[in-house]
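Remarks on the structure that follows.
The values are calculated or read from the model by the stated rules, or taken from the named source; none is laboratory data. Note that this is a predicted model, so its numbers are computed, not measured. As a convention, Cβ positions derive from the backbone with ideal geometry for all residues, glycine included, and neighbour counts pool all protein chains shown. Remember, those area values only see protein heavy atoms, side chains included, never the ligands or the DNA or RNA. Shrake-Rupley method; radii C 1.70, N 1.55, O 1.52, S 1.80 Å.
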Amino acid sequence: MRPSQNAKDINEFNRFYNQPVEDQESFFLPSINNPNNNQLLYADCGQQTQFSALKHNQYCYVESSTGNSSELVSDSPPADTFFADDNSMMHQGSDSCPSGMHHSPDDTYHSSGNSSCFTSDGTGLKHKLKELETAMLGPDSESLESYNTTPLAAANQISSESGKWVDMMEMMPNGDLKQVLIACAKAIADNNLVTAEWLMSELRTVVSVCGSPIQRLGAYMLEGLVARLASSGSSIYKSLRCKEPTSVELMSYMHLLYEICPYFKFGYLSANGAIVDAMKEENTIHIIDFQISQGSQWITLIHALAARPGGPPRIRITGIDDSTSAYARGGGIEIVGRRLSSIAASCNVPFEFHPVAASCSDVEIEHLKVRSGEPLAVNFALILHHMPDESVGTQNHRDRLLRMVKSLTPKIVTLVEQESNTNRVQFFPRFLETLNYYLSIFESIDVALPRDHKQRINVEQHCLAREIVNIIACEGAERVERHELLERWRSRFLMAGFNPYPLSSSVNATIKTLLENYYQSYTLDERNGALYLGWMKRDLVASCAWK
């Protein structure tokens, strides 16, 4: 896609979005001691604040100097305490967000960037541990009773813990925030809650939604860890839905992400290219989209088919989406049909839209209104990873949907998925995978928008943080972000009876042209008939087609 076409796409998208983006740059930290609290508590960057006297479990409620809303921040020094000399970790200017946070003179808890926070003396460490434990877990906690065995055993255990904590403290001034996040997740995985709570209190002083990529990602990874302990990940996931803008001048969060990073365009263009290639001789096309969302993918397809030599085919789209997306769209799925119908009419393309308001897990053949002899294309773009498989319950909806689609004898089925492995793995390796995967995403956003860009914060919070929190904090049926690597998807398609449909060379060339408009660190690789879009050396999104 060339720059002129990009501008055209933006103008076309802007006509259909009619609500303004909220002007906020904030992030949430749910209360750990109220698992049923679904309200998100915000800590604003860049707004002058002052501490109130109410403190609870190393959190402080903050009253804005410009309003009455209560917010939640850690009772700790600002991030630049640790990274003042590390430009690679935090190179914010005078308008940087953390500078707006002020601490009360009465604030008695101070973190330090060196190991002096904890003494190597056993008695001193035990006393400090008890203070931390009392603050975090309450005065009745008994988890330190294990130290009260024999003097020698207690000394050895305290010495071991002291060495570990000193090592972790030394990570902070060195800017190794990633390793501290990993250490915190490992402590939670090992059910070492005292260490985990202490590390979380330290992490709150260095993460920032306005900082470097690892600081911004760290803020949401930390939220995921807090939510995991509070069992509140599911409510956070449902609350952080990408919102529509309220005027034609502004773009939605998801569309802004669509524009600044090529991930969605890569997936949509590659899938559309495969559909156009498979349907080049057809006068009628029925497309079943298992997650129509806002219908963004089909705008460029309609334009492409409108310019087809000999005239456009008749297009019928069956759009599937559940009621959750109605909030993000500002209405039901019929809105998408009206938008696409308007575009098709402007291009003189015969068009019909069939809405299916249902979860993909509930879709049956009768919902799809397939007509005999009608050439069929099925689109799975970033949706199959939401379907539970046999690892979640007795019903394997991933494989059921593939078998159902195969029974319809489609001419082509397109698959676009994130190249990540978070489905069946245990918590700690899943945390590591999420950390590495999303760090690449945050790095790619970092080169596209300034760190204090208001809408960048909204994009990361509403479009990425919800996924991160769900992957880290939720288990079982509540964990709906369950990505698999393309090799695993390949096995599922083959077992369902599909054969690979190699993407044409024109699709590859189109994607290469698209990437010329983005930062040079994006990579495109073709392997085994599939395309992989990556950042640096990390594959992030994979696209392929089947028949």
- Message: Given the criteria touching a residue at least 40 places away in the same chain (Cβ under 8 Å), surrounded by 15 or more Cβ atoms within 10 Å (Cβ to Cβ) and basic (Lys, Arg), does residue 371 qualify?
- Response: no
- Item | Residues located in segment 210-227, provided they are in contact with an Asp or Glu (Cβ under 9 Å, 6 or more places away or on another chain) and either of a type outside the set (Gly, Ala, Ser) or without any contact (Cβ under 8 Å) to a residue 24 or more places away in the chain (or both) | 210, 213, 214, 216, 217, 220
- Query: Any residue in segment 396-407 that is free of Cβ contacts under 8 Å to residues at least 40 places away in the same chain, of a type in the set (Lys, Arg) and assigned by the TED database to the domain that holds residue 529?
  - Reply: yes
- Message: Within segment 427-440, does at least one residue satisfy the condition of being modelled with pLDDT under 90, out of contact with any Lys or Arg (no Cβ under 7 Å at 6 or more places or on another chain) and more than 25 Å from residue 523 (Cα to Cα)?
- Response: no
- Message: Where the second residue is part of a loop (DSSP other than H, G, I, E, B) and at pLDDT below 90 and the first is on the phi > 0 side of the Ramachandran plot and lies in segment 288-310, which pairs have Cβ atoms under 7 Å and are six or more apart or on separate chains?
- Response: 293/321
- Message: Based on this model, can you work out whether residue 531 counts as modelled with pLDDT of 95 or more and under 30 Å from residue 404 (Cβ atoms)?
- Response: yes
- Search segment 485-498 for residues that are closer than 18 Å to residue 541 by Cα and pair each with any residue that is basic (Lys, Arg) and open to solvent by 40 Å² or more (accessible area, probe 1.4 Å) when their beta-carbon atoms are under 9 Å apart and the residues are at least 6 apart or on different chains. 486/527; 493/406
- Of the residues that sit in segment 193-205 and are among the polar types (S, T, N, Q) and part of a helix (DSSP H, G or I), which one is farthest from the chain's Cα centre (by Cα)? 195
- Name the residues in segment 206-236 that are open to solvent by 10 Å² or more (accessible area, probe 1.4 Å), part of a loop (DSSP other than H, G, I, E, B) and not hydroxyl-bearing (Ser, Thr, Tyr), would you? 207
- Message: in contact with a Phe, Trp or Tyr (Cβ under 6 Å, 6 or more places away or on another chain) and modelled with pLDDT of 90 or more: which single residue out of 315, 285 fits that description?
- Response: 315
- Message: So, restricting to strands (runs of 3 or more DSSP E) that lie completely within segment 457-547, which ones have at least 1 residues that are surrounded by 22 or more Cβ atoms within 10 Å (Cβ to Cβ) and among the aliphatic types (A, V, I, L, M)?
- Response: 530-535, 538-546
- Message: Can you tell me how many residues within segment 408-454 are in a helix (DSSP H, G or I), open to solvent by 20 Å² or more (accessible area, probe 1.4 Å) and under 30 Å from residue 501 (Cα atoms)?
- Response: 1
- Task: Looking only at segment 429-445, decide whether some residue is touching a residue at least 60 places away in the same chain (Cβ under 8 Å) and over 15 Å from the mean Cα position of the chain (by Cα).
- Result: no
- Task: Could you list all residues from segment 409-427 that are touching a residue at least 60 places away in the same chain (Cβ under 8 Å) and more than 25 Å from the chain's Cα centre (by Cα)?
- Result: 410, 411, 412, 413
